[in-house]
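The next block holds one structure in the form of C-alpha cells; read it before the comments.
No value in this document is a laboratory result; all are computed from the given coordinates. In this text the structure is predicted, and so the values were computed from the model without any measurement. Cβ placement follows ideal geometry from the backbone for every residue including glycine, while neighbour counts extend to all protein chains displayed.
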Amino acid sequence: MPPLYIHSGVNRPDLLSLLDEEGALGMVNVQVVHEPRLQWAFQRYAGVPLFLDSGFRRKMDVSSYVSLIERYGHRFSWIANLDHLFDQQTSDDNYRQITSQLCDAELRSKILWIYQGGKLADLQARARDHRLVGIGGCVLRMLRDGVEETLAWLMRIGEVLAGVDAKAHIFGVGNKSMISRLCDQPWLASLDSSKWLLAYRAHIVLLPSGESRRATGLSRRECAARNIRVIQSW
C-alpha cells in the first residue's frame, strides 16, 4: 500500500471543502483548531480524514494542549505529541505528561510519539510498542544538511523501523525528490507538507517535474486543486 499524503495548513472552511472534493487528507495546527468556523467545517466535511499538529514554533504548555485534545481530539485520526525540535528529552517528557493526564483511553491511543533525533535504540523501543511513530525536524535538517544527507538519515531510521515491523509519518516533506525516493519504502506510512498552499499565496501551480510556475489565469482554488493532484502523482 503506497504511503498517504497529508496536506497541512488547513485553517479555513474553503480548504476543507477542497480536500473533500479531491478526496484528500488534511492536517490542522493546534493554534487554530478552536475557531468556530473550523469546528463547523469539521462536521460539515466529516468525511475528510484529519490529523492534528502541535505546531512548529509557537508551543503551548502541556495542560493547555491536553485541554484542547480533550475537547476536540475525537475528530482527528492521530494527534502529534507536543514535541520540541531536536530535543528528544523534552519531547518525551511532554509525551509522558500528556498520556498520563488524558483520562480517555481512545484519546491517549491517538497521541503520536515523535522522534527528534535521539538514540536509535530508543526509537526502536518506541516503535516496537507503538507501531506508528512520527519523525520531526526534517525541514531544518534539509536546510542545514541538504537533501541527500537528510534522506540518508531517514533511511537509517527506516532500517530500524523495518526491523520491528513499524511505520512512520514524516513531518514537513514537500520536496518531489524526497517524496519520489521515499514512497516505495515499506516503513513509510505517510508524509505531510503545506506545498499545496503555494496556490493561495501566489497563484503558483506545481508541475509533474517538481518545478512550479505562475498561473494567474486560474483561480487560487483551481491552482490548489491541481497542486493536490500533482503531489499525489509524485
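Taking 7 Å along the Cα-to-C-beta vector as the label spot, tell me the Arg213-Gln101 distance in nanometres, rounded to one decimal.
5.1
Have a look at the DSSP beta bridges in the range 81-234 and tell me what percent are antiparallel, nearest 5. Don't skip to the end; give the middle numbers.
Details: 4 of 13 bridges.
Antiparallel bridges make up about 30 percent of those DSSP assigns within the range 81-234.
Among Val139, Ser212, Ile111, whose Cα projects farthest towards the positive end of the dipole of the chain, with charges put on the beta-carbon of Lys, Arg (+1) and Asp, Glu (-1)?
After comparing all options, I get Ser212.
Assign unit charges at the C-beta atoms only (+1 for Lys and Arg, -1 for Asp and Glu), then state the dipole size of the chain relative to its Cα centre in Debye, rounded to the nearest 20.
Details: 29 positive and 25 negative charges, 122 e Å.
Using only the charged Cβ atoms, the result is roughly 580 debye.
Compute the FRET efficiency between His74 and Cys183 as 1/(1 + (r/R0)^6), taking r as their Cβ-Cβ distance and R0 = 25 Å, and round to the nearest 0.05.
On the way: r = 30 Å, r/R0 = 1.21.
For R0 = 25 Å, the calculated efficiency reads 0.25.
Specify the residue with the greatest mean-square fluctuation among Arg108, Arg71, Arg141, computed from a Gaussian network of the chain linking alpha-carbon atoms under 10 Å apart.
The residue that fluctuates most here is Arg71.
How much length would be gained if the chain were fully extended between Arg229 and Gln39, taking 0.36 nm per residue of separation minus their Cα-Cα distance, in nm to one decimal?
Numbers: separation 190, 0.36 × 190 = 68.40 nm, distance 2.60 nm.
Working it through step by step, the gained length comes to 65.8 nm.
Going Cα to Cα from Lys110, which aspartates and glutamates come in below 14 Å? Please leave out same-chain ones fewer than 8 positions away.
Asp53, Glu70, Asp129
In nm, to one decimal, how far is the modelled label at Ser64 from the one at Met1, with both set 7 Å along Cα→Cβ?
Label-label distance for Ser64 and Met1, simple model: 3.6 nm.
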